[in-house]
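Working notes for the structure below.
The values are calculated or read from the model by the stated rules, or taken from the named source; none is laboratory data. These figures come from a predicted structure and were not determined experimentally. Here the Cβ positions follow ideal geometry from the backbone for every residue, glycine too, while neighbour counts run over all protein chains shown. Calculation scope for accessible area: heavy atoms of the full protein, side chains included, ligands and nucleic acids excluded. Shrake-Rupley method; radii C 1.70, N 1.55, O 1.52, S 1.80 Å.
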Amino acid sequence: MPVVTNIEDLRQMAKRRVAKAIFDYVDRGSYDEDTLRANKNDLDALKFRQRVAIDVDRRSTRSTLVGHEVAMPVAIAPVGLTGLNWADGEMLAARAAGTFGVPFTLSTMSICSIEDVAGAAMKPFWFQLYVMRDRGFAASLIDRARAAKCSALVLTLDLQIQGQRHQDLKNGLSVPPKLTWGSFLDIAFKPGWALNVLRGRRKTFGNLEGRIPNADSLSTLSQWIAGQFDPTLSWKDIEWVKARWGGKLILKGILDAEDAKIAAATGCDAVVVSNHGGRQLDGTVSSARALPEVVQAVGGRIEVLMDGGIQSGQDVLRALALGAKGVMIGKAFAWALGAMGEAGVALALEIIRKELDVTMALCGLKDVKDASPAILRQA
């Protein structure tokens, strides 16, 4: 077993272990991947102010996110097909997150169902919702999330139309993976991954399986999903979701100050500054660049979280310095899961926590809640 020191080590392990189509689904972005790269590059461009001779003993990374105490201001983001990185992946990641003390968010397009994960998750357990054309089915997902005692609903707004991800098309991505000669050879050299996934309790979309009329096969289920992303989604639908849900509501996919103001006016509890990990509109602004204007636009009325490019504890602190209350990690946790299963997710969270703690100390901070623009050098 190689020594794992950072998230990139886990990424490289996952790349060697997981089928190419599934690894690329997590790893890659849309079109030319300009926004995917900008998410990381713009965070890296933010430089810290090193401070010395300041008492930084007895530091704390503890905080709160959407009303819940957390071990650090980090939540696991919703990632589709997580259970194809490792058998029962959503359940394992939820358990690792709960044990560590951070929120886990289950994707609508998960392999394990809401009910599966509810049995393994601890609070806070969030559920991510796509509002589909079939409002009756969307309503049933909300009701199931409430029955599963999810502590927040994360409504994703930036997938009304699916962005084109070139690598997914080239890989022939499907659920389960389509067996072409290329994928067959890839899987043949990764028998550990194949045997592991075959042992999982589910092999298709757990939240949809057996609940869609006339969708009795994977092909018809996939066709139904492809036609369900709804370009008519509007702010009026937020009112409907909020009323049906009745609990904490987080709106994900905000990149623009005007949208941030409208979102805050809906009465939601938080927004996530996000460009879907560079997987939707390529050529748009990075999350790090959009974050300050969103923070300013909401004016403290609601919490602001951020995702996109967060791959270290230093990235977490950079986002907090720009005004985020917390961050979400998607790729980082999915790589860790693909590399080592539940133990990988636990290790990734500990790596991020330690990096956050050390960087706080070297910037002269004792409490993560005191992060501000003052810890960053002026450009």
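Mind listing whichever residues of the stretch 326-352 are surrounded by fewer than 20 Cβ atoms within 10 Å (Cβ to Cβ) and either of a type in the set (D, E, K, R) or within 16 Å of Val70 (Cβ to Cβ) (or both)?
Within the stretch 326-352, the first condition is being surrounded by fewer than 20 Cβ atoms within 10 Å (Cβ to Cβ), and the residues that meet it are 341, 343, 346-347, 350.
Listed by number, the residues that qualify are Ala346, Glu350.
Determine if the stretch 37-46 includes at least one residue that is part of a loop (DSSP other than H, G, I, E, B), hydrophobic (A, V, I, L, M, F, W, C), free of Cβ contacts under 8 Å to residues at least 40 places away in the same chain and in contact with a strand residue (DSSP E or B) (Cβ under 8 Å, 6 or more places away or on another chain).
Checking the stretch 37-46: not a single residue is part of a loop (DSSP other than H, G, I, E, B), hydrophobic (A, V, I, L, M, F, W, C), free of Cβ contacts under 8 Å to residues at least 40 places away in the same chain and in contact with a strand residue (DSSP E or B) (Cβ under 8 Å, 6 or more places away or on another chain).
Answer yes or no as to whether Leu251 is closer than 13 Å to Asp158 by Cβ and either open to solvent by less than 30 Å² (accessible area, probe 1.4 Å) or basic (Lys, Arg) (or both). Before the answer, list the steps.
On the way: closer than 13 Å to Asp158 by Cβ: yes; either open to solvent by less than 30 Å² (accessible area, probe 1.4 Å) or basic (Lys, Arg) (or both): yes.
It is true that Leu251 is closer than 13 Å to Asp158 by Cβ and either open to solvent by less than 30 Å² (accessible area, probe 1.4 Å) or basic (Lys, Arg) (or both).
Please specify each residue of the stretch 231-258 satisfying the condition of being within 21 Å of the chain's Cα centre (by Cα) and of a type in the set (Asp, Glu).
If the condition is that a residue be within 21 Å of the chain's Cα centre (by Cα) and of a type in the set (Asp, Glu), then Asp256 is the only one that fits.
When Val273 is evaluated against the numbered criteria (1) under 18 Å from Leu322 (Cβ atoms); (2) open to solvent by 20 Å² or more (accessible area, probe 1.4 Å), which criterion, by number, is the only one it fails?
Val273 satisfies every listed condition except (2).
Do we have Val56 as among the β-branched types (Val, Ile, Thr) and either closer than 30 Å to Gln378 by Cα or loosely packed, with under 15 Cβ neighbours inside 10 Å (or both) here?
Working: among the β-branched types (Val, Ile, Thr): yes; either closer than 30 Å to Gln378 by Cα or loosely packed, with under 15 Cβ neighbours inside 10 Å (or both): yes.
Yes, satisfied.
Among the residues of the stretch 247-265, is any more than 27 Å from Lys123 (Cα to Cα) and either among the hydroxyl-bearing types (Ser, Thr, Tyr) or touching a Ser or Thr at 6+ places or on another chain (Cβ under 7 Å) (or both)?
yes
Select from the stretch 24-49 the residues that are farther than 10 Å from Gly308 by Cα, crowded, with 19+ Cβ neighbours inside 10 Å and hydroxyl-bearing (Ser, Thr, Tyr) and list them in ascending order.
Tyr25, Ser30, listed by residue number.
With (1) buried (at least 16 other Cβ atoms within 10 Å of the Cβ); (2) at pLDDT 95 or above; (3) not in a strand (DSSP E or B) as the list, and Ala215 as the residue in question, which single condition is left unmet?
It fails just one condition, (2).
Please return the ranges of helices (runs of 4 or more DSSP H) entirely within the stretch 291-379 where 2 or more residues are under 15 Å from Met72 (Cα atoms). Step through it out loud before you land on a result.
Values: elements: 313-321, 331-340, 342-362.
Qualifying helices (runs of 4 or more DSSP H): 313-321, 342-362.
Within the stretch 22-34, track down each residue that is assigned to a helix (DSSP H, G or I) and under 17 Å from Ala332 (Cα atoms).
First pass over the stretch 22-34, keeping only residues assigned to a helix (DSSP H, G or I): 22-27, 34.
Ile22, Phe23, Asp24, Tyr25, Val26, Asp27 - these are the residues of the stretch 22-34 that are assigned to a helix (DSSP H, G or I) and under 17 Å from Ala332 (Cα atoms).
Suppose we filter Asp158, Asp134, Asp143 for residues that are within 20 Å of the chain's Cα centre (by Cα) and of a type in the set (D, E, K, R); which single one remains?
After applying the criteria, what remains is Asp158.
From the list Gly309, Gly364, pick out the single residue that is under 17 Å from the mean Cα position of the chain (by Cα), on the phi > 0 side of the Ramachandran plot and open to solvent by 10 Å² or more (accessible area, probe 1.4 Å).
Details: Gly364 fails: under 17 Å from the mean Cα position of the chain (by Cα).
Answer to the selection: Gly309.
With respect to Asp237, determine if the residue is surrounded by fewer than 23 Cβ atoms within 10 Å (Cβ to Cβ), in contact with an Asp or Glu (Cβ under 6 Å, 6 or more places away or on another chain) and more than 24 Å from Val74 (Cα to Cα).
Working: surrounded by fewer than 23 Cβ atoms within 10 Å (Cβ to Cβ): yes; in contact with an Asp or Glu (Cβ under 6 Å, 6 or more places away or on another chain): no; more than 24 Å from Val74 (Cα to Cα): yes.
For Asp237, the condition - surrounded by fewer than 23 Cβ atoms within 10 Å (Cβ to Cβ), in contact with an Asp or Glu (Cβ under 6 Å, 6 or more places away or on another chain) and more than 24 Å from Val74 (Cα to Cα) - is not met.
Given the options Ser30, Ser60, name the one that is in contact with a strand residue (DSSP E or B) (Cβ under 6 Å, 6 or more places away or on another chain) and hydroxyl-bearing (Ser, Thr, Tyr).
Details: Ser30 fails: in contact with a strand residue (DSSP E or B) (Cβ under 6 Å, 6 or more places away or on another chain).
Testing whether each residue is in contact with a strand residue (DSSP E or B) (Cβ under 6 Å, 6 or more places away or on another chain) and hydroxyl-bearing (Ser, Thr, Tyr) leaves just Ser60.
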